[in-house]
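Note sheet for the following structure.
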């Protein structure tokens, strides 16, 4: 199918042929019939992409600190590579479309195949959208008008925050597309509306809707129209860095007036003016309650109407009802209609203030192919070929470079949306990208499957790959509970495939050096590992108990396995305690004790409440009068019988070595990088950590 994307490293939109999405659980598959270009938002994205590195940093100064910290911890070259990878990732353009339902995912109700709907899908022939971001379209509303629904919801949410009352006076600053919608909806709400903009064409269009206009609004001009009081409220829909717009808004307001920002403007506020007038100021969050809440948007959990009357979805419905009733005239706002293929012409015209709303049209049935060929496979290769499932940041930054460096023959890359898979397929010359996992399992040329999807999918995808007799490399964790691990363990004996987990730390050069020293010591050892993991946002997917499983299962598993590697023994018991935060999230400040069959013992401190300036990973090994210290995988100090030996190197956590060994094993045979019994033992011990916390007891492995 065709989709408009924007690579951030160039700022030049492209029309790409990418794999069609499948029918996902909780989502609605839609064939697009019309989509609307949002001039303000999409122009801002294009300008960001066209800006150089300095310009990008000036637009996002908050990210500069993150880059500086990454340079300190990982070095300049690694940081530059990471930034470049991030900018190379394209994003889909557009977020307001209408179309016809093609399919419904598991758990979706209220829709039928063939329904006309509106959603926040992009400029693509097909989109897969979570059900709470989809709304049925009344028969009386044509598709090209319904395509304005999401844009209308943005305008409506700003109005709801302003809480207008019948007869009040509101000023709308900025009469672009959102401003026009705000002005019409305020008028429909029984308000007196005064629109202001610098461009005469926009003023004329607003006036044609029976709305007062001013080209050069000021506090004095608004007071002269309101008996000297000023406006009851101001809604800002303009886009400008100038702080003068906020000054104008405050000047236009009466005492105790309201200012709502739905646009993007400079926020250097005049405290004296806000103080004397006791003004209220709020920033509107897009479509309404539910926006950016994964429980609402991704998991489909609605807010009770009695407590949250107007959610995103209910705002969509209200906008469509306003169109049906003739209270919102979006037809008058359409300044051009173009086929999707004319995208370049449309984006070149975005700087023209007369270009208010362009509607893309879509003709014919879309190409529904879910796997797209981008290159020619290596001829004659029947064995040892690999498919990568998951095309996120980890795949693009670690797995694919490592596999390519190992000489792996990668035939497929699969992702949920198709866009990320398409991008990485082109970058790494992978013949086929797609969204159909089953096709990969059925491909007899594929010997190995690399799974790098969200954690909750690992176990089921691993079992399916083993059932298809594939060798599996699972990016940790292997499973999120004992039931999933048991399913994998039961599948292994009947499969000609094998399982490897991405426990890369044991393959780091400094870990191998330490292991060589330990082999000379002999006997049980003490292991101390401190992980200064740092804070992640509360809504980060890894913290989700269902999808991510929490940071202990998702990250601490590395160090459970590493401890077993150093101890050269299986884990026999686990005891753990957490620093309780009562935030309802899985534990992430945990002290873990491990005991081993050979008498060794380990203490792992996984902490998120430390300072980022300190090293992230520190390992201490003690035995037979000797001590080994590894600091952040950059240095090793050995305090031994012949004094102190120090070894330094660039940070290397063992990813390439593990991927190289696994790839060679797939192509040529031989021993697995990590014995299966050790993988299952480390995975089971990791699962025992939350059990031990809950039971406040040792768990026998």
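Table for the structure above
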{"quantity": "Answer from 538, 580 - the residue that is free of Cβ contacts under 8 Å to residues at least 24 places away in the same chain, more than 28 Å from residue 448 (Cβ to Cβ) and under 34 Å from the mean Cα position of the chain (by Cα)", "calculated": "580"}
{"quantity": "Boolean, residue 212 is surrounded by fewer than 19 Cβ atoms within 10 Å (Cβ to Cβ), within 29 Å of residue 353 (Cβ to Cβ) and at pLDDT 95 or above", "calculated": "yes"}
{"quantity": "Scope region 650-701; condition crowded, with 18+ Cβ neighbours inside 10 Å, within 25 Å of residue 590 (Cβ to Cβ) and modelled with pLDDT under 95; matching residues", "calculated": "701"}
{"quantity": "Condition met for residue 368 (surrounded by fewer than 19 Cβ atoms within 10 Å (Cβ to Cβ), without any contact (Cβ under 8 Å) to a residue 60 or more places away in the chain, part of a loop (DSSP other than H, G, I, E, B) and outside the structural domain of residue 43 (by TED's automatic domain parsing))", "calculated": "no"}
{"quantity": "Wholly within region 621-701, strands (runs of 3 or more DSSP E) carrying at least 2 residues that are more than 17 Å from residue 497 (Cα to Cα) and either touching a helix residue (DSSP H, G or I) at 6+ places or on another chain (Cβ under 6 Å) or in contact (Cβ under 8 Å) with a residue 24 or more places away in the chain (or both)", "calculated": "626-631, 635-640"}
{"quantity": "Criterion: at pLDDT below 95, crowded, with 17+ Cβ neighbours inside 10 Å and touching a strand residue (DSSP E or B) at 6+ places or on another chain (Cβ under 7 Å) - qualifying residue of 518, 510", "calculated": "518"}
{"quantity": "Yes/no for residue 231 being in contact with a strand residue (DSSP E or B) (Cβ under 6 Å, 6 or more places away or on another chain), at pLDDT 95 or above, surrounded by fewer than 18 Cβ atoms within 10 Å (Cβ to Cβ) and under 22 Å from residue 180 (Cβ atoms)", "calculated": "no"}
{"quantity": "Qualifying residue in region 51-71 (condition: farther than 27 Å from residue 300 by Cα and modelled with pLDDT of 90 or more)", "calculated": "no"}
{"quantity": "Qualifying residue in region 383-392 (condition: under 23 Å from residue 12 (Cα atoms) and not assigned by TED's automatic domain parsing to the domain that holds residue 174)", "calculated": "yes"}
{"quantity": "Residue check, residue 497 assigned to a loop (DSSP other than H, G, I, E, B) and touching a helix residue (DSSP H, G or I) at 6+ places or on another chain (Cβ under 6 Å)", "calculated": "yes"}
{"quantity": "Selected residue [within 23 Å of the chain's Cα centre (by Cα), at negative phi and not assigned by TED's automatic domain parsing to the domain that holds residue 637] from 485, 480, 466", "calculated": "480"}
{"quantity": "Hey, residue 560 touching a residue at least 24 places away in the same chain (Cβ under 8 Å), touching a helix residue (DSSP H, G or I) at 6+ places or on another chain (Cβ under 9 Å) and under 12 Å from residue 606 (Cα atoms) or not", "calculated": "yes"}
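For (1) modelled with pLDDT of 95 or more; (2) buried (at least 23 other Cβ atoms within 10 Å of the Cβ); (3) out of contact with any strand residue (DSSP E or B) (no Cβ under 6 Å at 6 or more places or on another chain), each residue gets a yes or a no:
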residue: 526; (1), (2), (3): yes, no, no
residue: 529; (1), (2), (3): yes, yes, no
residue: 542; (1), (2), (3): no, no, yes
residue: 546; (1), (2), (3): no, no, yes
residue: 560; (1), (2), (3): yes, yes, yes
residue: 567; (1), (2), (3): yes, yes, no
residue: 592; (1), (2), (3): yes, yes, no
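Rundown of residues vs (1) outside the structural domain of residue 137 (by TED's automatic domain parsing); (2) farther than 22 Å from residue 184 by Cα, yes/no style:
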| residue | (1), (2) |
| --- | --- |
| 267 | yes, yes |
| 279 | yes, yes |
| 295 | yes, yes |
| 311 | yes, no |
| 336 | no, no |
| 346 | no, yes |
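The values are calculated or read from the model by the stated rules, or taken from the named source; none is laboratory data. Just so it is clear, the structure is predicted and the values come from calculations on it, not from any experiment. Neighbour counts are summed over all protein chains in view; Cβ atoms, including those assigned to glycine, are modelled from backbone coordinates with ideal geometry.
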